[in-house]
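Taking it in order: structure first as C-alpha cells, then the write-up.
None of the figures in this text is laboratory data; all of them are computed from the coordinates on show. What you see is a predicted model, and the numbers here were worked out from it, not measured in a lab. Note: ideal-geometry Cβ built from the backbone for every residue, glycine included; neighbour counts use all protein chains shown.
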Ligand SMILES: Nc1nc2c(c(=O)[nH]1)N[C@H]1C(S)=C(S)[C@@H](COP(=O)(O)O)O[C@H]1N2
Ligand SMILES: [Mo]
C-alpha cells in the first residue's frame, strides 16, 4: 500500500535521526542510560526482539524522564506487516456502557486558537446532549423477547440503578453527573459554560490524510497484541485546530474524556504530536465497533493500553496536568513504554 511505503521511508529517516538523538541523549543523561537501553533496543530492533511487558513496566515504566528523553517527537515504534495483525480483544468498557447514537456524536474541543471565529464555535460545549440506544446500531433491534439480559453485551445498558441515579442527581448543573465508575469524577471535567468547538467527524476527517499502522498494543495486565489501526494522525488534527497559546507558549497538556465523562486521560502535548499517535476510526480495516471506541479512539505506541481512550468526546488543551482515570486508581500517569 502506497501510504505504508511512504511511511516506511519516513520511518527509516526518523529512526536514523532518533539514533543520533539517542546517542546524544546518552551523553547528557548518563544516569538514565541503563533504563533507556531496554526501551531503545525495543524501538530499534523491532519485532524480532520483543520486550516482556512486565519487565518494561518494573524497570522504566514509571520513569517519565526516560520516556521523554527517548521518545520526544522522533523515535518510532516498530511497525509490522498487516499479516501479523490480530483481532484485538475488548478490554475495559468504562464510558461505553450504553451504545452511542452515531448521529448524536460531537467532538468537543476546548482551548483552540481563535475559537470564536470558527463556524463550529459554541458558547458552552458541555450543553451538548449525546443520545444513546440500548443496542448497538449494527445489532437487530427487533423485539427479541428471548434475549437473556444477564447475557447482554456490556455495550447494551448501564445497570438500572446507575441510570436512575444519573437522571436524578445532576448537582444543579442541569446535566448528568460525571464519574459514575470506580475512579469517580475527574477533577479536569469541564464546568458549565465552557466555550469551544462542537465538531462533527465530517468537519475534519476529509481534510486529513489517512494512515494505516500495524503496531503492538500493550496492556499493563501483561498481554500484548499486534493490531492494525486506521485513522488520521493526531498531529495533523491538532494542526487543524491549534491551541490558543498560554502565556505565549503552547499549553503543556491535553485532556480527553468520554462523552459521559466516566473515562478520561491526560497527555503531554508532545506525545500527541508523535507521528504514530493516531485518532483511530478503523480497526483491522473495518469501522470501529462501539466496544473498541466508535466513532473515534486514540492509539499511541508510546503508552500502555489504559491511555488509549475509546470513544473520545472531548479534547481540551490545558496547562494544568490533567486528571487520569487509572492514575487515580494508582497507576503511573505517564504509562510510558
Ligand atoms: N473509554 C474507555 N477507554 C479505554 C478503557 C475503558 O475502560 N474505557 N480501557 C483502556 C484499557 S485498560 C485498555 S487495555 C484498552 C483496550 O482497548 P481495546 O478494548 O480496544 O482492546 O482501552 C483503554 N481505553
Ligand atoms: Mo489495559
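For this structure, a couple of remarks:
- The distance from the alpha carbon centre of region 237-263 to that of region 91-123 is 12 Å, rounded to a whole number.
- Label zone at residue 182, where the point sits 7 Å out along the Cα-to-Cβ direction: region 78-107 residues whose backbone N lies under 12 Å: 92-94
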